[in-house]
């Protein structure tokens, strides 16, 4: 296979768009963008950054003549998409990738049986509409057949990403870790907005006012590590303040549950004084 294999992207969503942009910038040729047979998805494929020169096709007329076929579809659609594409071309010598964090390369078993080398290649990054994250420095978890893993490593190297192996039986745990790093982190921030409402501060105002402390906390976490970045009443052993927090949260019982869960996690994993008193309060 050439130093920079040609690529076809299946699924022009948020992830497919970011990949197309970064791959083109890294000098890869995208031969084809394959979307569902619908006007909306076809329009999205034509609007993809980095798609210049790529054909815009559907599963019915896809040529699949690229070296690498990269499926960027939702987890629940991976196996079905592979079955749909399987009879469209000869797969011997090709590499097929999917980008699920939770599912293993076996989702592409139908393509493996036809001669393709398959792997799962998941970027540990968030992809949402209206945002185009750069992939330089982004970790990619890879698992699959030896040839597909070698090609995946070459691609990630050229994207200036950081690739590491994950056993297939650890994929669910790996993806759960990822959930804590972005969607559940966002859920914690939204809970903070809810608590701001108890103090009479609107969600919009709270979001704006929270950003400096959130940004500094992340900067401290990166530079100093979690123990030295940890602050507040638990590390000080201020049981009366924690008790006051819980009393204020009686008006928001769901937020109170989140507070208790996170405070107990802090007690397990981070420095704390006056532990006996704090444990009594936290239950």
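The values are calculated or read from the model by the stated rules, or taken from the named source; none is laboratory data. None of the values given here were measured: they were computed from a predicted structure. Note: ideal-geometry Cβ built from the backbone for every residue, glycine included; neighbour counts use all protein chains shown.
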Return the residues of region 206-231 that are exposed (fewer than 14 other Cβ atoms within 10 Å of the Cβ) and not in a helix (DSSP H, G or I); say none if nothing qualifies.
225, 231
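Looking at region 178-205 only, could you name the residues that are part of a helix (DSSP H, G or I) and more than 18 Å from residue 258 (Cα to Cα)?
178, 204, 205
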Which one of these does residue 256 not meet: (1) without any contact (Cβ under 8 Å) to a residue 24 or more places away in the chain; (2) surrounded by fewer than 16 Cβ atoms within 10 Å (Cβ to Cβ); (3) in contact with a helix residue (DSSP H, G or I) (Cβ under 8 Å, 6 or more places away or on another chain)?
(2)
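Confirm whether residue 180 is closer than 28 Å to residue 248 by Cα, surrounded by fewer than 18 Cβ atoms within 10 Å (Cβ to Cβ) and modelled with pLDDT of 95 or more. Give the steps one after another, and end with the answer.
On the way: closer than 28 Å to residue 248 by Cα: yes; surrounded by fewer than 18 Cβ atoms within 10 Å (Cβ to Cβ): yes; modelled with pLDDT of 95 or more: yes.
Yes, satisfied.
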Selection from region 115-148 of residues crowded, with 19+ Cβ neighbours inside 10 Å and farther than 30 Å from residue 184 by Cα yields 116, 117, 118, 148
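For region 2-11, name all the residues that are farther than 15 Å from residue 53 by Cα and surrounded by 20 or more Cβ atoms within 10 Å (Cβ to Cβ). Don't jump to the end; show me each part of the working.
Here is the first cut: in region 2-11, the residues farther than 15 Å from residue 53 by Cα are 2-5, 10-11.
10, 11 - these are the residues of region 2-11 that are farther than 15 Å from residue 53 by Cα and surrounded by 20 or more Cβ atoms within 10 Å (Cβ to Cβ).
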Quickly run through region 163-175 and pick out the residues that are surrounded by fewer than 16 Cβ atoms within 10 Å (Cβ to Cβ) and either closer than 20 Å to residue 20 by Cβ or touching a strand residue (DSSP E or B) at 6+ places or on another chain (Cβ under 9 Å) (or both).
164, 165, 167, 168, 170
Counting just the residues of region 27-55 that are at pLDDT 90 or above and surrounded by 18 or more Cβ atoms within 10 Å (Cβ to Cβ), which one comes out nearest to residue 153 (Cα to Cα)?
28
Which numbered condition residue 24 fails, given (1) buried (at least 16 other Cβ atoms within 10 Å of the Cβ); (2) closer than 21 Å to residue 122 by Cα; (3) at pLDDT 95 or above
(3)
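Among 275, 236, 205, 228, which is the only one that is within 25 Å of residue 181 (Cβ to Cβ) and at pLDDT 95 or above?
Values: 275 fails: within 25 Å of residue 181 (Cβ to Cβ); 236 fails: within 25 Å of residue 181 (Cβ to Cβ); 205 fails: within 25 Å of residue 181 (Cβ to Cβ).
228 is the lone residue from the list that is within 25 Å of residue 181 (Cβ to Cβ) and at pLDDT 95 or above.
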Residue list for region 149-162, filter: without any contact (Cβ under 8 Å) to a residue 60 or more places away in the chain, in a helix (DSSP H, G or I) and surrounded by 16 or more Cβ atoms within 10 Å (Cβ to Cβ):
149, 152, 153, 156
Limited to region 94-110, what total is found for residues that are more than 19 Å from the chain's Cα centre (by Cα), in contact (Cβ under 8 Å) with a residue 40 or more places away in the chain and surrounded by fewer than 24 Cβ atoms within 10 Å (Cβ to Cβ)?
1
Inspect region 66-84 for any residue being within 25 Å of residue 131 (Cα to Cα), buried (at least 18 other Cβ atoms within 10 Å of the Cβ), touching a strand residue (DSSP E or B) at 6+ places or on another chain (Cβ under 9 Å) and at pLDDT below 95 and give the result as yes or no.
no
